1. Return yes or no: is G339 surrounded by fewer than 24 Cβ atoms within 10 Å (Cβ to Cβ), in contact with a Lys or Arg (Cβ under 7 Å, 6 or more places away or on another chain) and outside the structural domain of I128 (by TED's automatic domain parsing)?
2. If you scan the range 125-165, which residues turn out to be among the acidic types (D, E) and crowded, with 23+ Cβ neighbours inside 10 Å?
3. Would you pick out the residues in the range 77-135 that are of a type in the set (A, V, I, L, M), part of a loop (DSSP other than H, G, I, E, B) and touching a Phe, Trp or Tyr at 6+ places or on another chain (Cβ under 9 Å)?
4. Can you report the number of residues in the range 250-267 which are assigned to a helix (DSSP H, G or I) and out of contact with any Lys or Arg (no Cβ under 7 Å at 6 or more places or on another chain)?
5. Identify, please: which residue in the range 235-249 is without any contact (Cβ under 8 Å) to a residue 60 or more places away in the chain and part of a loop (DSSP other than H, G, I, E, B) and is, among those, surrounded by the fewest Cβ atoms within 10 Å (Cβ to Cβ)?
6. Tally time: how many residues in the range 300-336 are more than 23 Å from Y244 (Cβ to Cβ) and assigned to a helix (DSSP H, G or I)?
7. Any residue in the range 261-269 that is out of contact with any helix residue (DSSP H, G or I) (no Cβ under 6 Å at 6 or more places or on another chain) and under 24 Å from N127 (Cα atoms)?
8. Need pairs with beta-carbon distance below 8 Å; first residue in the same structural domain as N46 (by TED's automatic domain parsing) and within the range 152-176, second outside any strand (DSSP E or B) and aromatic (F, W, Y); sequence gap 6+ or separate chains.
Amino acid sequence: MDGRIGMTLTRHIYEGQLEHPEATGQLTGILNQVALAAKIVSREVNKAGLAELLGFTGDENVQGEEVRKLDQFAQDVFYAAFDHPGHFCIMVSEEEEAVIPIPDEFEKGPYAIAFDPLDGSSNIDANITVGTIFAIWRRVSEGKDGCEQDLMQPGRNLAAAGYVVYGTSTMLVMSTGHGVHGFTLDPSVGEFLESHHNIRIPERGKIYSVNEGNYPYWSKGVQGYVRWIKEPDESSDRPYSSRYVGSMVADIHRTLLYGGIFMYPADNKKGEMNTGKLRLLYECAPMGYLVEQAGGAATTGSSPVLDIVPQKLHQRSPFFAGSKTNVADLEHFVAEHDGTESPSRRAERAARTVAS
C-alpha cells in the first residue's frame, strides 16, 4: 500500500479526471474543499487543549447528545467550506435537525452532501482519535434549490465518500467509485500526499471490533457469532483479537487496513430491539461504500447496507462491515439464530426462481 512519491490529492484527482473525460471537475473542487476544511480542523484538534476547545458548549444536538466545543468548531468549518463554491444544492449534518439549505446568494450545484463533522468527539478530551465522515450524491431533484429527495438515496448511488482521521497523523481516505485511496497530511508542506494507493481489505481478518458491554442486549445470532469467534480453533485461526476504540473512523480505518469485522448491532436495552445507534446517511452509507470499494462487505446482518433507501434524515441502522468472509460468517449466525435469510441464501433462491 505504499504511496507514490509526490502524488498529492489534487494531482490524484486530476489524473483520475483524465481517465474520465466526461467528468465536469465538480468532484475535484469538492474534494479540495474537504481537504482544506480537514487541514483547519486538524490544526485545532492538535491544539484543542491549548485553544480552549475541550469541554461542552451547553447545547444538545438533534441526537440528544451534548455538543462539544470542537463539534461546533468542526461543524462551522465544514459548513463554510461547502456552502458557497457552487458544488452543492443541499446539505445535512449530524449536528443539525433539518436539512441545511444553500444560501440564496450562492450558486446551487449538482451534488448533495451528508457529513458528520467530528465523529467520536466524546473521546476528544482524552486525546483519542476522532474523525470526519462525508457522503456525496448527485442531485435527483429539479429546479433551483435542492430538497430532502436529493439525500434520500441509497448508498449504492453515492458519487463519492470518505473520512478524515485526526490521529498520530491526519489522513484523508476517499473513493469516487474507482477504489479506495489514502492521503496523509504532510504539515511541513501543507499538502495531503498519497500514502495508501488502492487499499484492499484482506479476504479474512482476525480482529473484531465491538462494544462488548452491550452483549446482553444483542440478538441471539450476534451473541452466538461473538462467542464463536472467541473459541480456539486452529483450522479457522480462532480466537480473534478484540480491538475497539469507540470512534467509528478509527475502528473502520484499522479494519480496512488489517481486515476483520467492525460491528454496531441493534440492541434491546429499552425492552425491545432498536434499529442500532449509527446513522445511515453520514455514517453507515459512506463507510459501507468505502469498505465495498476496498473489496469488503457491509451489512445490517441480513441485507446490504448500501441497498437501504433512507426514509428519514437521521435514520439509524445496525451495521457490520469488514472482510468478506468475516461478514459472511456473521450473516450465517444471524440467519440461523434470528430467523432471517442470509443474503447468500436469498441470492441462491432468486437464481433458482429465475432458472425455473
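The values are calculated or read from the model by the stated rules, or taken from the named source; none is laboratory data. These numbers come from a predicted model, not from an experiment. All Cβ positions, glycine included, derive from the backbone under ideal geometry; neighbour counts span all protein chains shown.
1. no
2. Residue satisfying the conditions is D150 alone.
3. Scanning the range 77-135 gives a single hit, I102.
4. Final tally of qualifying residues: 8.
5. Applying the filter and picking the extreme gives D237.
6. Adding up the residues that qualify gives 4.
7. Yes, some residue in the range 261-269 is out of contact with any helix residue (DSSP H, G or I) (no Cβ under 6 Å at 6 or more places or on another chain) and under 24 Å from N127 (Cα atoms).
8. Hits for this filter: G155/Y289; L158/Y289; A161/Y289; S175/Y289.
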